[in-house]
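Remarks on the structure that follows.
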Amino acid sequence: MLKSRYNQKIIFKFAEIKLIMKSNVLNLLKVSTLLIAVVFSLSCRRNKTPDNYFKIGDSTYEIKSGSIINNGEVEGGFNVDLRLYDESGKNFINFTFISKEAERIASSTYRNPDGSWVLGHNSNGTYSSMAKVNSGVVKIDRSSDGYTIDIKCTDQYSTEIRGYFKGDLSKKDNDNLVRAVPKYVLPDEIYDEVTQHFPVYSGVTPPNMQGEYVSSPHILIYESYAENPDSVQVYSDRYMGFIYTNKQMNFYGKQYDVVKGDYEEVVQYGVKITGSNDLFTCYYVVDGYVQGYYAQQSFIFSGKKTDAGLEDFHTAVVLLENSGNPNMYAKNSYRVLKDEDGLAENNLWLSGRNSSKPTHSQNESLFDIWMK
């Protein structure tokens with residue numbers, strides 16, 4: 001009897017040990033499964049291709065920034081580089097295009113592009129390795145969100161080059177000089193008509209525009225789409241500044257908006273200039289979307305640089321594109337403004353020395369002037 005009870009205790013104890021062991025095994029399996037899942041997740045994350053990247057063979061580089069670099073005017077337009085950098089800035093892929101615009105690249109499929117990749121680039125111009133990219137396709141789509149770029153190419157060593165980028169590209173201008181105002185800024189269709197009201201100069205020896213000026217009184221002298229196009233309207237004083245930085249000429253503008261009760265300010269980098277001696281014409285182009293329609297306009301300035309300021313100063317604004325927006329005036333509509341007394345005088349407004357508000361109103365913003 002005692003032996004039977006003893007045997008039962010042993011059996012119960014053994015069963016209890018088996019349950020404990022089984023529980024430990026299950027817990028161990030759970031822990032192992034969790035560790036495997038974590039390792040797998042980390043591995044997948046580590047091997048995942050970045051959203052923006054370029055790939056040289058089996059090596060992938062995450063794109064952290066991109067830029068359009070204007071190298072100067074050439075036959076057919078401007079020589080521009082599209083350059084995409086990794087985080088270090090020392091590894092990049094570069095493609096060169098001939099673009100009609102110095103600061104933009106048109107949407108298109110570019111076959112057998114002129115390109116290269118560079119690794120380990122240093123400020124002194126040396127690098128660890130590089131190769132020419134001379135076959136394949138670079139597809140570029142420009143929209144209101146920036147650029148979408150898809151790269152499927154091969155380099156000189158038959159290495160596959162792949163890449164994808166979506167986002168904004170910064171602009172760098174290595175040359176602000178042009179021989180003449182290009183057609184995409186002032187179209188041939190309206191050139192003769194515009195130049196009846198607005199002087200246009202050309203040449204490769206323009207004056208140094210560095211300075212701060214004010215056009216006052218600033219008046220509208222011609223509006224192509226108006227019922228009375230040459231009816232003069234007085235606008236608020238137009239403050240302007242042309243500042244050179246690293247071979248690039250930048251434009252700063254300020255004008256008082258009586259409706260908003262405040263100044264509207266404009267900053268535009270990479271302004272182009274042409275002219276000879278003291279005569280100049282400079283310009284920049286802006287684009288955007290109005291009611292879902294793509295739109296583009298050019299701002300052109302002309303005059304004569306003197307010690308006192310900008311003599312015979314004129315401004316022309318041209319609507320280059322409206323994409324058929326029924327609520328905008330016709331493509332190639334334009335308006336011309338000038339300094340009424342013939343001199344946009346020197347004025348240190350950028351230095352904060354003139355804070356008084358103009359006495360006349362201003363009724364325009366980026367594309368509002370073109371709305372019917």
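The values are calculated or read from the model by the stated rules, or taken from the named source; none is laboratory data. It should be emphasised that the depicted structure is a prediction, and the values quoted were computed from it without experimental measurement. For neighbour counting, all protein chains shown are included, and Cβ atoms are generated from backbone atoms with ideal geometry for every residue, glycine included. What goes into the accessible areas is simple: the full protein's heavy atoms, side chains included, and nothing from ligands, DNA or RNA. Shrake-Rupley method; radii C 1.70, N 1.55, O 1.52, S 1.80 Å.
Here are some notes:
- Filtering the range 212-223 to residues that are under 28 Å from S276 (Cβ atoms), open to solvent by 20 Å² or more (accessible area, probe 1.4 Å) and of a type outside the set (F, W, Y) leaves E212, S216, I221.
- Scanning the range 143-188 for residues that are part of a strand (DSSP E or B) and aromatic (F, W, Y) turns up Y147, Y164, F165.
- K152 being more than 17 Å from I69 (Cα to Cα), open to solvent by 50 Å² or more (accessible area, probe 1.4 Å), charged (D, E, K, R) and modelled with pLDDT of 95 or more: yes
- Flag: P358 matches the condition of being at pLDDT below 90 and over 24 Å from the mean Cα position of the chain (by Cα).
- Selection within the range 159-180 - under 15 Å from the mean Cα position of the chain (by Cα), modelled with pLDDT of 95 or more and crowded, with 19+ Cβ neighbours inside 10 Å: F165
- The set of residues from the range 74-110 being without any contact (Cβ under 8 Å) to a residue 24 or more places away in the chain and basic (K, R) comprises just one member, R83.
- In the range 169-192, the residue that is farthest from N347 (Cα to Cα) out of those that are touching a residue at least 60 places away in the same chain (Cβ under 8 Å) and acidic (D, E) is E189.
- Subset of the range 271-299 (residues that are within 15 Å of N332 (Cα to Cα) and either open to solvent by less than 10 Å² (accessible area, probe 1.4 Å) or of a type in the set (A, V, I, L, M, F, W, C) (or both)): V285, V286, A295, Q297, S298, F299
- Residue within the range 263-270 that is more than 19 Å from D368 (Cβ to Cβ) and surrounded by 15 or more Cβ atoms within 10 Å (Cβ to Cβ) present: yes
- Enumeration of residues in the range 101-140 that are surrounded by fewer than 15 Cβ atoms within 10 Å (Cβ to Cβ), touching a strand residue (DSSP E or B) at 6+ places or on another chain (Cβ under 9 Å), small (G, A, S) and in a loop (DSSP other than H, G, I, E, B): A106, S107, G120, S128
- Subset of the range 278-301 (residues that are over 26 Å from N71 (Cβ atoms) and polar (S, T, N, Q)): Q291
- Verdict on N79 being under 18 Å from N174 (Cα atoms), modelled with pLDDT of 95 or more, of a type outside the set (A, V, I, L, M, F, W, C) and buried (at least 17 other Cβ atoms within 10 Å of the Cβ): no
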